[in-house]
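For reference, the structure is listed below as structure tokens.
The values are calculated or read from the model by the stated rules, or taken from the named source; none is laboratory data. Everything quoted here is computed from the prediction, not taken from an experiment. Positions of Cβ are backbone-derived with ideal geometry, glycine not excepted, and every protein chain shown enters the neighbour counts.
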């Protein structure tokens, strides 16, 4: 329980220090790195890896994470390119649906392949918690952002003349 409290404090510190300067590119990269390091810490705690397991797991996880990031970046780039075409063309809209389904299929293929890889380096129970831990971490981050946004709105309304 103390570890979860500690993680929440770290997340709070992260957001309070990075949200003020997110507009700058180097600060944005720094924020991404901090979030990534918090995610790694969360997963390490969630999986409770032994030293031997960690030595085998993190290289595989880093490869998985890199592939997912490349896929997401490619998806964003293509979505940005096609956004205008979709508004005016039914054919382009259908193609966009196909592209989105293809993206989902690629993501599932990556997760399926790495699920097997995680099973090679971790006991099944721990391997099964990798994706669950990632999902929990994302949910925590989203909740933290929502809470901060809600608090900013409340503060803004309270401080208006």
For segment 121-145, give me the residue count where each residue is in contact (Cβ under 8 Å) with a residue 40 or more places away in the chain and within 19 Å of residue 63 (Cβ to Cβ). 8
Result of the Cβ filter at 7 Å on segment 86-106, keeping first residues that are assigned by TED's automatic domain parsing to the domain that holds residue 75 and within 10 Å of residue 75 (Cβ to Cβ) and partners that are modelled with pLDDT under 85 and part of a helix (DSSP H, G or I), at least 6 apart or interchain, is 99/78
How do the pairs read when you match residues in segment 69-84 that are within 20 Å of residue 134 (Cβ to Cβ) with residues anywhere that are part of a helix (DSSP H, G or I), using Cβ under 6 Å and keeping only pairs 6 or more apart or on different chains? 71/106; 75/103
Considering segment 13-31, residues that are surrounded by 13 or more Cβ atoms within 10 Å (Cβ to Cβ) and modelled with pLDDT of 60 or more, and then whichever is nearest to residue 131 (Cα to Cα), we arrive at 31
Please verify whether segment 102-112 includes one or more residues that are farther than 24 Å from residue 36 by Cα, in a helix (DSSP H, G or I) and out of contact with any strand residue (DSSP E or B) (no Cβ under 6 Å at 6 or more places or on another chain). yes
